[in-house]
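Structure, as structure tokens:
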Amino acid sequence: MKKQGDLYYPTPEFKEKALANDESVYEEAARDPVRFWETRAEKLFWFKKWSKAFEHTPPYFKWFVGGKTNITSNVFEKNSLGWEKIRGKPAVVWEPEPLEEKPRTLSYEQLFKETCQFANALKRMGVKKGDRVAIYLPMIPEAVVAMLACARIGAVHLVVFSAFSAQALKSRLEDAEAKVLVTADGYWRRGKIVDLKTSADEGAKGTSVEKIVVVKRTGNKVAWTQGRDAWFEELTRNEKDFCEAEVMDAEDLFFILYTSGSTGKPKGTMHACGGYIVQAFWTAKLIFDLHENDVMWCTSDIGWVTGHTYAVYAPLLNGITSVIFEGVPDFPAPDRWAQIIEKHKASVFYTAPTAIRMFKKFAGDATQKYGFKTLRLIGSVGEPIDEESWLWYFKGVGKEKCPLVDTWWQTETGGILITSLPGVGPFKPSYAGRPFPGVKAVVFDDEGKQCKTNESGNLVLLPPFAPGLLRGIYKNPAKYEETYWSQYGKSVYFTSDGAFIDENGLVRIFGRVDDVLKVAGHRLSTGEMENAIEKLPQISECAVIGLADEIKGQTPVVFAVLKNATAAAVASPASPAAASPADDFKKKIVDQVRKEIGPIASPKEVYFVEDLPKTRSGKIMRRILRKLFTGEELGDLSTLANPESVEKIKQSVGLK
Ligand code: PRX
């Protein structure tokens, strides 16, 4: 990219070969967004064409009404590049964490066969279209196979991040009433085996799960329940390697993915078959400028939406190669990620600002020695990227030649909605960019008036909504209406993000306006953490806030009010030989969060306070707690029920 004034534009070399390289695609979409998506959908395979492209009955909407398709037909036999062209090509390249272990490559043909075998095995287990199958797997090829196998037979997958705790798994299994759970004996994390099966067993206890399918990954000994548990390898070995694709209605439920909202319980976002395929395929093609020989490494775990769309479905729909990696990018050395890019000749690299900040800090010098010659394009996702990290990524990794796409989207949107197209631009550090063609993203003030240029407000989406946008919250239509369609009426989708749009039409996102945190790019709910902590009998109440963190973007901090007896015990001094009772209890709180949610939610700090600031109606004012740390004006405290609590908190936390 080349800088012109404040803005960056693609180089002529990139532009020349780019799939979209002028304004025409934006103009076409602006003239008739429904028609825009419709003509894009026509490039995919449908068993039967739709009768109507878009239907809107606020707050519900449908895309490609009456159309019939299956995502796996579009990945395999009916791939847009042609099956003969891709069948021998690597579909998935898997890099295990241990360096001594060899990577594994699955061609499209092998992946198709394995998908069909597992699809047949699922059928034999009694799984039918619409049944829910939970996938609690690490980043191994079988995770991709399991997702595709569900899609092949129309079973609804819910992928649960493998680092989520047994409790977090359980609540999702219960809500989704899953019939089958697919897991592994373990996986490698920082040189050690994580025993996944024990968490799977614990999570499945007392739920509707009838069968647990276990992939042998690490070979560690696992507990076994006869009749319920089965090895993946044994189940699939003798199955036929072809399975007919289920004919899915465009609006059939494709998958559920749980995500955090303001309140305690995770919400199961529902995604529809037809619209998701169209959006995944086209956003990836145009935003990552996918040409047939591209090798894409999207570092997200499949447990998150980014992994679903840009590590699995979109690269495969586009017939290119997707790299998946079992481990963490900085193990065994801080430049492991750089080695993987070079080793697998990645041409598109897509990661999160937290990872970029980590690379910069711990492998900044080491990256000088990597030429990253194969890279054509780099991307960022999941949280706002600061200007300094943007520049480092652009220079250190993109070597100033690769376009850097900062992509904004959400679990709910299924695919990217805001980012400038790489062959068109413009780009500006820390700005997500322009809305994708066909996407109407604007900023509203609190009254629902459109904000002026550079005026901050709430980011909203207007109809026709992108085809991949969620269709509901599983078993909770009231929550769907309340969360997304109540702030500005039933035809305006509320994103819960604060933003402004500048004079170039570039969207600058500055973060969530609700009580959701982005910790290392992971979406966490303060309410969920508070519920977990309040399960401890010694806690009277608590509040969790997110504070700025140099690497992780945000990090959770807990303010806990203890019941009297515990408060007295915690106040007692430490004996010289042992940790203080206060430290012990802080650890107990941290452990409780790890147990109920997972290590990613570990609080950085726990403060014991006497009282929490509340409104007269009893709502905890987390905003005030946050401002105590950021040094912002606290504003008028007289509206609080207990204004004196603020001063006391300052003292107990040691703030001036
Ligand atoms: O706050 C926004 C932030 O991540 C939220 C969505 O999180 P999740 O559902 O986990 O999906 C993440 C990956 C798509 C958004 O509401 N976010 C995502 N991308 C960006 C971002 N914030 C700023 N810039 C981005 N590029």
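Residues of region 542-554 that are surrounded by fewer than 20 Cβ atoms within 10 Å (Cβ to Cβ) and either within 11 Å of the ligand (Cβ to nearest atom) or in a strand (DSSP E or B) (or both): Leu547, Ala548, Asp549. Annotation note: of Val593, Val570, the sole residue that is under 24 Å from Phe161 (Cα atoms) and part of a helix (DSSP H, G or I) is Val593. Of all residues in region 107-158, those being surrounded by fewer than 23 Cβ atoms within 10 Å (Cβ to Cβ) and touching a His at 6+ places or on another chain (Cβ under 8 Å) number 0.
Taking first residues from region 404-421 that are of a type in the set (D, E, K, R) and partners that are near the ligand (Cβ under 7 Å from one of its atoms) and in a loop (DSSP other than H, G, I, E, B), the Cβ contacts under 7 Å between residues at least 6 apart in sequence or on separate chains come to Asp406/Ile385; Asp406/Ala432. The residues of region 351-370 that are small (Gly, Ala, Ser) and over 13 Å from Gln339 (Cβ atoms), listed by number, are Ala352, Ala355, Gly364. For Thr269, the stated conditions do not hold, so it cannot be described as touching a strand residue (DSSP E or B) at 6+ places or on another chain (Cβ under 8 Å) and surrounded by fewer than 23 Cβ atoms within 10 Å (Cβ to Cβ). Among the residues of this structure, Thr495 counts as one that is within 11 Å of the ligand (Cβ to nearest atom), out of contact with any Ser or Thr (no Cβ under 7 Å at 6 or more places or on another chain) and in contact (Cβ under 8 Å) with a residue 40 or more places away in the chain.
Counting only residues that are in a strand (DSSP E or B) and of a type in the set (Val, Ile, Thr), region 245-265 holds 2 of them. Within region 340-365, restricting attention to residues that are farther than 23 Å from Leu286 by Cβ, among the small types (Gly, Ala, Ser) and surrounded by 15 or more Cβ atoms within 10 Å (Cβ to Cβ), which residue is nearest to the chain's Cα centre (by Cα)? Among those that are farther than 23 Å from Leu286 by Cβ, among the small types (Gly, Ala, Ser) and surrounded by 15 or more Cβ atoms within 10 Å (Cβ to Cβ), it is Ala355.
Within region 250-264, the set of residues being modelled with pLDDT of 95 or more, under 18 Å from the mean Cα position of the chain (by Cα) and more than 10 Å from the ligand (Cβ to nearest atom) comprises Phe254, Phe255, Ile256, Tyr258. Can we say Gly415 is among the small types (Gly, Ala, Ser), within 12 Å of the ligand (Cβ to nearest atom) and under 15 Å from the mean Cα position of the chain (by Cα)? The answer is yes for Gly415.
Scanning region 284-294 for residues that are more than 21 Å from Glu38 (Cα to Cα), out of contact with any helix residue (DSSP H, G or I) (no Cβ under 9 Å at 6 or more places or on another chain) and either assigned to a strand (DSSP E or B) or modelled with pLDDT of 95 or more (or both) turns up at least one hit. For region 555-566, the set of residues classified as away from the ligand (no atom under 16 Å from the Cβ) and crowded, with 16+ Cβ neighbours inside 10 Å consists of Val557, Val558, Phe559, Ala560, Val561, Leu562, Thr566, listed by residue number. All conditions but one from (1) away from the ligand (no atom under 16 Å from the Cβ); (2) among the small types (Gly, Ala, Ser); (3) at pLDDT 95 or above apply to Gly364; the one that does not is (3). Within this structure, Val144 passes the test of being in contact with a helix residue (DSSP H, G or I) (Cβ under 7 Å, 6 or more places away or on another chain) and within 24 Å of Leu158 (Cα to Cα). Of the helices (runs of 4 or more DSSP H) that lie entirely inside region 1-95, those containing 2 or more residues that are at negative phi and among the polar types (S, T, N, Q) span 71-75.
Hey, among the residues in region 376-396 that are within 22 Å of Asn293 (Cα to Cα) and in contact with a strand residue (DSSP E or B) (Cβ under 6 Å, 6 or more places away or on another chain), which one's farthest from the ligand (Cβ to nearest atom)? So, considering only residues that are within 22 Å of Asn293 (Cα to Cα) and in contact with a strand residue (DSSP E or B) (Cβ under 6 Å, 6 or more places away or on another chain), the one farthest from the ligand (Cβ to nearest atom) is Leu377. Among the numbered conditions (1) among the basic types (Lys, Arg); (2) more than 14 Å from the chain's Cα centre (by Cα); (3) within 16 Å of the ligand (Cβ to nearest atom), the only one that Lys267 does not meet is (2). Among the residues making up region 511-541, those that are within 16 Å of the ligand (Cβ to nearest atom) and in a helix (DSSP H, G or I) are Thr526, Gly527, Glu528, Met529. The number of residues in region 596-622 that are part of a helix (DSSP H, G or I) and touching a strand residue (DSSP E or B) at 6+ places or on another chain (Cβ under 6 Å) comes to 3. The set of residues in region 398-412 that are part of a loop (DSSP other than H, G, I, E, B) and within 11 Å of the ligand (Cβ to nearest atom) comprises Trp409, Gln410.
Residue count for region 429-460 under the criterion of being in a loop (DSSP other than H, G, I, E, B) and touching a Phe, Trp or Tyr at 6+ places or on another chain (Cβ under 7 Å): the result is 10.
Number of residues in region 212-266 that are hydroxyl-bearing (Ser, Thr, Tyr), within 19 Å of Met125 (Cβ to Cβ) and surrounded by fewer than 19 Cβ atoms within 10 Å (Cβ to Cβ): the value is 1.
Could you look through region 426-455, keep only residues that are away from the ligand (no atom under 16 Å from the Cβ) and surrounded by 22 or more Cβ atoms within 10 Å (Cβ to Cβ), and pick out the one that is nearest to Met270 (Cα to Cα)? Residue satisfying both the conditions and the ranking: Gly438. The set of residues in region 462-505 being of a type in the set (A, V, I, L, M), part of a strand (DSSP E or B) and either surrounded by fewer than 22 Cβ atoms within 10 Å (Cβ to Cβ) or touching a His at 6+ places or on another chain (Cβ under 8 Å) (or both) consists of Leu462 alone.
The values are calculated or read from the model by the stated rules, or taken from the named source; none is laboratory data. Everything numeric here is computed off the predicted structure, so don't read it as measured data. Heads up, the Cβs are rebuilt from the backbone with ideal geometry, glycines too, and the neighbour counts pull from every protein chain shown.
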